[in-house]
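Engineer: To start, I am sharing the structure in question, which I have written as structure tokens.
The values are calculated or read from the model by the stated rules, or taken from the named source; none is laboratory data. Keep in mind that this is a model prediction, so the values were computed, not measured. Here the Cβ is made from the backbone with ideal geometry for all residues, glycine too, and neighbour counts use every protein chain on show. Heads up: the accessible areas ignore ligands, DNA and RNA and are worked out on the full protein's heavy atoms, side chains in. Shrake-Rupley method; radii C 1.70, N 1.55, O 1.52, S 1.80 Å.
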Amino acid sequence: MTASCDCWDHCGEGEPVQNYTRKEVEGRKEYSCTLCPLPIRRGARHVVIQFIFDGRWETERYHQACDALR
């Protein structure tokens with residue numbers, strides 16, 4: 001699946017990303033939120049977005065509340 005990426009600053013001018021996936025998961029360990037400085041605690045439900053940009057896999061994780069702000 002290819003999506004037009006116009007919401008992420010690091011994608012520049014809305015360049016297309018490849019293999020875009022978004023899912024809600026329960027964390028198996030502690031992670032860092034891509035948007036805010038607070039940790040995503042082990043066991044907390046959060047959003048994981050993965051995609052290929054510029055030939056590299058990228059993974060972003062967000063608290064559910066932070067994801068609602070994007």
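Engineer: Filter region 33-63 for residues that are surrounded by 12 or more Cβ atoms within 10 Å (Cβ to Cβ) and over 11 Å from the mean Cα position of the chain (by Cα); which is modelled with the lowest pLDDT?
Structural biologist: 53
Engineer: Out of (1) open to solvent by less than 30 Å² (accessible area, probe 1.4 Å); (2) within 12 Å of the chain's Cα centre (by Cα), the odd one out for residue 22 is which?
Structural biologist: The one condition residue 22 does not meet is (1).
Engineer: Hey, among the residues in region 6-32 that are farther than 16 Å from residue 70 by Cα and assigned to a loop (DSSP other than H, G, I, E, B), which one's modelled with the lowest pLDDT?
Structural biologist: Applying the filter and picking the extreme gives 12.
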